[in-house]
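The values are calculated or read from the model by the stated rules, or taken from the named source; none is laboratory data. Since the model is a prediction, treat every value here as computed from it, not as a measurement. Quick reminder, even Gly has a Cβ in these numbers, built from the backbone with ideal geometry, and neighbours come from all protein chains shown. With ligands, DNA and RNA removed, areas are computed over all heavy atoms of the protein, side chains included. Shrake-Rupley method; radii C 1.70, N 1.55, O 1.52, S 1.80 Å.
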Amino acid sequence: MNKERKLIVAGNWKMNKTVAEALLLVGELKRGAGNLQDVDIVVCPPFTALSEVANALRDSNIYLGAQNMSEHGPGAYTGEIAAEMLKELEVGYVILGHSERRQYQKESDELIAKKAQAAHAAALQPIVCVGETLAEREAGQTEKVLEGQVRGSLFGLGKEQMRRTVVAYEPVWAIGTGKTATTSQAQEAHAFIRGLLAKLFDITIARLVRIQYGGSVKPSNARELMSQPDVDGALVGGASLEAQSFTEIIQNSI
Ligand code: PGA
């Protein structure tokens, strides 16, 4: 697929995989997807497996991502992880504002914006997640919700930082439910987000920013979703926990 923007397919392992399991998975992934071109492949293991996975990925084409980080630099924040600690482990990307964190940890757009700024300060590329709930979609609030999240979560970023930020559109009702957005629902939301980026930054930045779709992406629906003009990759949860399905998603995306 010939797209203006390089595709980015990321696996969000969530709270899964011991170190031993993580190493098995990346070993298989390297064999299956290790020489695929034209796509940035990212795996986001839990913090506990980052160090070992970083070693295993050295000299491969697969990038390492984290699932969260603190908005603060090192200091008295028990249980938190600072951006520079991730950087030391060769982490390149960090997922911020995933809907599970918005829901369970009550992360606000304001907090996510602070984290995005801290990520850039450490030269990490944030993957900032946005998406509406089913109730919001049914109430016709999708664009309003997306606009609030995009404006709020990307607040304070400069143009160059925005260019190096990935946005993930993940309708909450599609995450882990097996229910995927239709291609037109995805394309509409992605085009809306890109239009907003043009307003908030400029048209060049909007054209360069990669917008991933997330929510029950599987080998069987990846090709159709990625064929949409504004869909530049996928953020994959469940189907990234097995090398075969994640590799097939990547293959079907390019
Ligand atoms: P899912 O999760 O692919 O299991 O729906 C996606 C995500 O939460 O990023």
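With a 1.4 Å probe rolled over the protein heavy atoms of all chains, the accessible area of 58, 194 falls in the order 58, 194, largest first.
For the chain, modelled as a GNM whose springs connect Cα atoms under 10 angstrom apart, the maximal fluctuation among 68, 55, 12 occurs at 55.
Out of the chymotrypsin sites (Phe, Trp or Tyr not before Pro) in the stretch 68-121, which ones are loop residues according to DSSP with at most 12 other C-beta atoms within 10 Å? Provide the component values of the computation, followed by the final result.
Details: sites: 77, 93, 104; in loops: 77.
Here the chymotrypsin sites (Phe, Trp or Tyr not before Pro) that fit, given the DSSP loop and packing criteria, are 77.
Keeping all protein chains in place and using 1.4 angstrom, which order do 101, 210 fall into by accessible surface area, from largest down?
Details: 101 60, 210 30 Å².
Order by accessible area, largest first: 101, 210.
Pairs of C-alpha atoms in the chain farther apart than 33 Å represent 11 percent of all such pairs.
These residues, 4, 147, 88, 107, go from largest to smallest accessible area, 1.4 Å probe, as 88, 4, 147, 107. For the chain, a Gaussian network of Cα nodes joined below 10 Å ranks 145, 94, 39 by mean-square fluctuation, and the top entry is 145.
Taking 109, 40, 202 in turn, the Gaussian network model of the chain (Cα-Cα springs below 10 Å) assigns the largest fluctuation to 202.
What accessible area per residue comes out for the chain, rounded to a whole number of Å², with a 1.4 Å probe? Numbers along the way, then the final one.
Values: 11270 Å² over 254 residues.
With all protein chains present, the chain gives 44 Å² per residue.
To the nearest 10, the accessible area of residue 24 is 120 Å² with a 1.4 Å probe.
Let me know the charge dipole size of the chain about its Cα centre in debye, to the nearest 20, where only the beta-carbon of Lys, Arg (+1) and Asp, Glu (-1) is charged.
Values: 27 positive and 30 negative charges, 57 e Å.
Charge dipole of the chain: 280 debye, to the nearest 20.
For the chain, adding -39500 (n - 2.57) for each run of n ≥ 4 DSSP H residues and dividing by the number of residues yields -13000 deg cm²/dmol at 222 nm. For a straight C-alpha distance cut-off of 24 angstrom, the lysines reachable from residue 218 (same-chain residues fewer than eight places away being disregarded) are 3, 6, 14, 17, 30, 179.
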